[in-house]
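Read the structure below first, then the notes.
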Amino acid sequence: MQYLILFLLPFVSIIQSIAQKQYNLKSKSPNSGLFSAVTSLIALVFFIVTSGFQLSFTVKLIPYALVFGVCYASAWVGTVEAVRHGTITLTNMIISCSLVVPTTYGIIRGETVTPVTVVGMALLFAAIALVNLKFDEKNAFSMKWFVWVMIAFLGNGFCSMMQNMHKFHLGDSYGHEFMIIALTCATVLLFAYVFLTSKNIKTEMRVCLPYTLVNGTVNASLNLLMLLIIGKLPNIVLYPTFSALSMLVSFLLGFVVYKERFTVYQYIGYAMGIASIVLLNL
């Protein structure tokens, strides 16, 4: 069952990228903060409803949940802005590589490291560098894109690590409670950011709401499924496999649906990224 869930995760995840891309195409002035805030609110409602209102909180949850909430908020803004300023495929590749953070955490906790693992990790970092080495005119390098995608990279990586730390210290208990505290924190931060920096919120809300309904529901489902298998599979198997499948699905989406094209260096870097993650999974 764990491997079936693992196989389904990337296909669930890619729906988020589609929703983000379609919102950016539809809106005349996309508001990443508003999009992320409403997404977070919808995910919060999802976890409250699916808990059956049978909740039991403990103070031990608070540190993990609050850090997760801050990282979740920054990851969403970073992802939406990165997709806006760059290509969906490269954005998803680099964000997929953020799973090196919880993988490293698993290694620190004592998971087996082999020479193949070391080679895989080295290839992974080389791939990230190579895809940014040379862009053609259509996909010209954007410093804005790079900054936002790095924010998304770190936010996503530490979100996964907080989920791991929560499961490691508290077991299978308090999964919904963990996400409810975290998403409450993220929602408050994101809406505060929106009200401080945005105008015409009501008008933009009408544009983004259909996409955030999809995005929030899918994101909550993804986190719920991930909580079910964290701890059941080694990090060094779970996260690299998820990354490899996500990169493959996102590449096909960008190439076939959005007609994105890349330089030879970028194709090599993308192939190296997949190869590195496969090696990490051996």
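The values are calculated or read from the model by the stated rules, or taken from the named source; none is laboratory data. On a predicted model such as this, the values are computed, not experimentally measured, just so you know. Cβ atoms come from the backbone with ideal geometry, glycine included; neighbour counts cover every protein chain shown. Only protein heavy atoms, including side chains, enter the accessible area calculation; ligands, DNA and RNA are left aside. Shrake-Rupley method; radii C 1.70, N 1.55, O 1.52, S 1.80 Å.
Are there any helices (runs of 4 or more DSSP H) wholly within the range 189-282 with 1 or more residues that are in contact with a strand residue (DSSP E or B) (Cβ under 9 Å, 6 or more places away or on another chain) and open to solvent by 20 Å² or more (accessible area, probe 1.4 Å), and if so which? Spell out how you get there, then give the answer.
Details: elements: 201-229, 235-252, 264-280.
Correct list: 235-252.
Is it true that some residue in the range 109-121 is surrounded by 22 or more Cβ atoms within 10 Å (Cβ to Cβ) and either assigned to a helix (DSSP H, G or I) or of a type in the set (A, V, I, L, M) (or both)? Before you say what the answer is, go through the steps one by one.
Kept after step one, since they are surrounded by 22 or more Cβ atoms within 10 Å (Cβ to Cβ), are these residues of the range 109-121: 120.
Pick out the ones that are also either assigned to a helix (DSSP H, G or I) or of a type in the set (A, V, I, L, M) (or both) and you get 120.
Yes, because at least one residue in the range 109-121 is surrounded by 22 or more Cβ atoms within 10 Å (Cβ to Cβ) and either assigned to a helix (DSSP H, G or I) or of a type in the set (A, V, I, L, M) (or both).
Find the helices (runs of 4 or more DSSP H) located wholly in the range 1-95 whose residues include 2 or more that are touching a Lys or Arg at 6+ places or on another chain (Cβ under 8 Å) and either among the small types (Gly, Ala, Ser) or buried (at least 23 other Cβ atoms within 10 Å of the Cβ) (or both), and list them.
Values: elements: 2-26, 32-50, 61-85.
Because the criterion is at least 2 residues that are touching a Lys or Arg at 6+ places or on another chain (Cβ under 8 Å) and either among the small types (Gly, Ala, Ser) or buried (at least 23 other Cβ atoms within 10 Å of the Cβ) (or both), the helices (runs of 4 or more DSSP H) in the range 1-95 that meet it are 61-85.
Anything in the range 144-169 that is modelled with pLDDT of 85 or more, open to solvent by 30 Å² or more (accessible area, probe 1.4 Å) and hydrophobic (A, V, I, L, M, F, W, C)? List them, or say none.
Matches in the range 144-169: PHE146, VAL147, TRP148, MET150, ILE151, LEU154, PHE158, MET161, MET165.
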